[in-house]
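FYI, it's all coordinate maths here, none of it is from the lab. Since the structure is predicted, the reported quantities are computational estimates derived from the model, not experimental observations. With ideal geometry, Cβ positions are generated from the backbone for all residues, glycine too; neighbour counts draw on all protein chains shown.
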Amino acid sequence: GQSLEQPSEVTAVEGAIVQINCTYQTSGFYGLSWYQQHDGGAPTFLSYNGLDGLEETGRFSSFLSRSDSYGYLLLQELQMKDSASYFCAPKAGANNLFFGTGTRLTVIP
Amino acid sequence: NAGVTQTPKFQVLKTGQSMTLQCAQDMNHNSMYWYRQDPGMGLRLIYYSASEGTTDKGEVPNGYNVSRLNKREFSLRLESAAPSQTSVYFCASTDRGPLAKNIQYFGAGTRLSVL
């Protein structure tokens with residue numbers, strides 16, 4: 001079977017740094033993706049880790065440890081527009097992703 | 001650059017009615033997906049099509065059928081709608097195989113209410 005754990009809600013202050021953790025259990029693991037979804041919107045791709053280590057894209061970084069079945073998304077210099085839901089999604093097959101329930105991030109002034 | 005286009009955007013059905021949700025992508029992607037999203041439940045895969053001519057069940061296929069009409073279009077049909085199918089439905093597409101990022105591009109969603 002497949003399972004995912006990430007916090008349901010996180011609150012952080014504008015300008016701060018926040019880390020969203022994700023632990024997963026899946027067969028045929030290829031890599032870990034992160035998606036962002038604003039209220040009423042569609043999910044959009046943020047980052048992908050196919051190998052262990054850190055991937056950086058602007059203010060966002062994502063980390064993967066295959067041996068620990070663990071990853072995280074790091075958001076720096078938080079802005080109000082970063083308030084959204086964030087989904088980690090293991091790539092569990094050749095083309096398929098498994099989405100969990102996501103983490104709702106609220107950025108406060 | 002339309003990307004993934006879903007129609008309709010909103011729909012209200014009565015229990016027992018049928019309808020088809022349409023999805024088309026213009027990115028020449030091989031793989032297409034239908035998800036449903038319920039409050040607090042995240043995205044759950046209903047059906048997917050790895051390539052033109054193939055379809056497979058996902059996590060929650062009961063009550064749905066799909067058709068991969070051609071490489072561009074992937075439709076989702078509810079034969080006899082039930083209130084439990086009230087949800088937001090997303091279509092997505094992607095390309096590349098196991099070694100690639102497999103970025104999924106999502107449509108804007110269809111908000112369906114079944115009364």
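Could you tell me, in Å, what Rg and Dmax come out for the Cα atoms of the protein assembly as shown?
Rg, Dmax (Cα atoms, Å): 17.5, 51.
³J(HN,Hα) across the stretch A:11-26 via Karplus (A = 6.51, B = -1.76, C = 1.60, θ = phi - 60°), whole Hz, x for Gly/Pro?
Result, rounded to whole Hz: 10, 9, 8, 3, x, 7, 10, 9, 10, 10, 8, 8, 10, 9, 9, 7.
Find, to one decimal place in angstroms, the Kirkwood hydrodynamic radius of chain A, where the mean of 1/r is taken over every pair of different Cα atoms and then inverted.
Mean inverse Cα-Cα distance, inverted, gives 13.9 Å.
Report the label-to-label distance for residue A:2 and residue B:57 in nanometres (one decimal), using points 7 Å from each Cα along the Cα→Cβ vector.
With each label placed 7 Å out from Cα toward Cβ, I get 1.6 nm.
With point charges of +1 on the Cβ of Lys and Arg and -1 on the Cβ of Asp and Glu, referenced to the Cα centre of the stretch B:15-108, which listed residue (B:102, B:67, B:92) lies farthest in the positive direction of the dipole?
Sorting the options by dipole projection puts first B:102.
Once you place label points 7 Å from the Cα toward the Cβ at residue A:23 and residue B:22, how far apart are they in nm?
4.7
May I ask you to evaluate 6.51 cos²θ - 1.76 cosθ + 1.60, the Karplus curve with θ = phi - 60°, for each residue of the stretch A:46-56 and list the ³J(HN,Hα) values in order in whole Hz, giving x for glycine and proline?
Computed from phi, the couplings for the stretch A:46-56 are 10, 7, 9, 10, x, 10, 4, x, 9, 10, 10 Hz.
Can you list the residues, at least 5 places off or on another chain, whose amide H is less than 5 Å from the amide H of residue A:10, using H built in the peptide plane?
Close amide H contacts, sequence-distant or interchain: A:104, A:105, A:106.
Could you run the Karplus curve 6.51 cos²θ - 1.76 cosθ + 1.60 with θ = phi - 60° over the stretch B:18-29 and give me ³J(HN,Hα) per residue in whole Hz, x for Gly and Pro?
Going residue by residue, I get 10, 6, 10, 8, 9, 9, 9, 10, 10, 9, 6, 7 Hz, with x marking Gly and Pro.
Cross-link candidates for residue B:57: which lysines have Cα within less than 25 Å, leaving aside residues fewer than 8 places away along the same chain?
Residue B:57 reaches A:91, B:9, B:71, B:101.
Which of these, B:83, B:61, B:39, has the largest mean-square fluctuation under a Gaussian network model of chain B (Cα springs below 10 Å)?
B:39
Gain in length, residue B:30 to residue B:67, computed as 0.36 nm per residue apart minus the alpha-carbon separation, to one decimal in nm?
Details: separation 37, 0.36 × 37 = 13.32 nm, distance 1.42 nm.
Stretched fully, the residue B:30-residue B:67 segment lengthens by 11.9 nm.
I need the shape label for the stretch B:22-69. Rule: rounded when a/c is under 1.5, else prolate if a/b > b/c, else oblate, with a, b, c from the alpha carbon gyration tensor. If you can, show how the numbers build up before the last one.
Details: a/c = 2.30, a/b = 1.58, b/c = 1.45.
Prolate is the answer for the stretch B:22-69, as a/c is 1.5 or above and a/b outweighs b/c.
GNM on chain B, C-alpha springs below 10 Å: top fluctuator among B:89, B:64, B:33?
B:64
With viscosity set to 0.692 mPa s at 37 °C, what whole-number translational diffusion coefficient in µm²/s follows for chain B from Stokes-Einstein and a Kirkwood radius over Cα pairs? Walk me through the intermediate numbers first.
Values: Rh = 14.1 Å.
Calculated translational D: 233 µm²/s.
How big is D for the stretch B:47-115, in µm² s⁻¹ as a whole number, if Stokes-Einstein is applied with the Kirkwood radius of its Cα pairs at 20 °C and 1.002 mPa s?
Working: Rh = 13.4 Å.
Reported coefficient: 159 µm²/s.
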